[in-house]
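Working notes for the structure below.
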């Protein structure tokens, strides 16, 4: 077992794919450069990045990754090694609460690249699937773990991608909708249907903690926890929302 070798193989595959994409992009830019100075500058920048990748580096670690040219090039190429990375380590039960030598080495590698390592035990995750919430939480506490590996992956994945969820709660179902952080109420409504954004009037909003503390929508309203928000409202993670619209 050599987790670092596994990581190296995957990262090299990403780098090779990115170099191929950049090579094709550079060829097109050089053709355009005959009549466009900006293309000539971008071609030179892309070549510099390609050389950086050829040395075995990830695009996300490029020294000029905070430049406007880098952002523009990424929007055109969508390089795989430029994306955020999390490492998942499948470990035995004992290693969930204390790192074994393989996890330690993986953490050292991840730290060099500004990445996170999430530990999970596939056997435990399988057992958790069939449990009720209370039983599941007690099981995790007994193991000295606050949340499952799968929950960590979802939570940290959402965080790295700048995503969050809000809820709609009807008589027949409760549904979560995924949006980007700092999304306004009309834009959040558009995730359900474009007409909701076009005819947006107001949003009825109950904060998640209030909803849970009060025991549902009806009691939240009785407690005065429901509020009306307009077009400028920035949706908070976990909000329970109903949209008023007219088209």
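The numbers here are math on the coordinates, done by the rules we state, and not lab data. Worth saying up front: this structure is predicted, and the values here are computed from it rather than measured. Neighbour counts run over all protein chains shown; Cβ positions are idealised from the backbone, glycine included.
Computed quantities for the displayed model
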quantity: Calculated FRET value between residue 55 and residue 163, using beta carbons and R₀ = 30 Å, to 0.05; calculated: 0.40
quantity: Nearest 10 degrees, 0 to 90: helix 133-142 Cα axis against the chain principal axis; calculated: 60 degrees
quantity: Column: log10 I(q)/I(0), Debye, Cα scatterers of region 86-160, q = 0.12, 0.14, 0.20 Å⁻¹; calculated: -0.34, -0.46, -0.88
quantity: Rounded tilt (10° steps) of 101-112 against the dominant C-alpha axis of the chain; calculated: 70 degrees
quantity: Per-residue [θ]222 nm for the chain (sum of -39500 (n - 2.57) over DSSP H runs n ≥ 4, rounded to 500); calculated: -15500 deg cm²/dmol
quantity: Rg/Rh for region 3-82, where both radii come from Cα atoms and Rh is the Kirkwood radius; calculated: 1.01
quantity: Gained length - residue 4 relative to residue 36, 0.36 nm times residue gap less alpha-carbon distance; calculated: 7.1 nm
quantity: Descending Cα extents along the principal axes, region 112-247, whole Å; calculated: 51, 40, 23
quantity: Gain upon complete extension [residue 122, residue 231; 0.36 nm per residue less C-alpha separation]; calculated: 34.8 nm
quantity: Label assignment, Cα Rg over 2.2 N^0.38 Å derived from the structure, set [x] 1.33; [y] 1.08; [z] 1.02; calculated: [x]
quantity: Fewest-first ranking of 109, 180, using other Cβ atoms within 10 Å as the exposure measure; calculated: 180, 109
quantity: Separation between Cα centres of region 164-226 and region 136-160, rounded to whole Å; calculated: 25 Å
quantity: Label-point separation, residue 174 to residue 102 (7 Å along Cα→Cβ), nm; calculated: 3.8 nm
quantity: Using alpha-carbon coordinates, inclination of helix 68-77 to the longest axis of the chain, degrees; calculated: 80 degrees
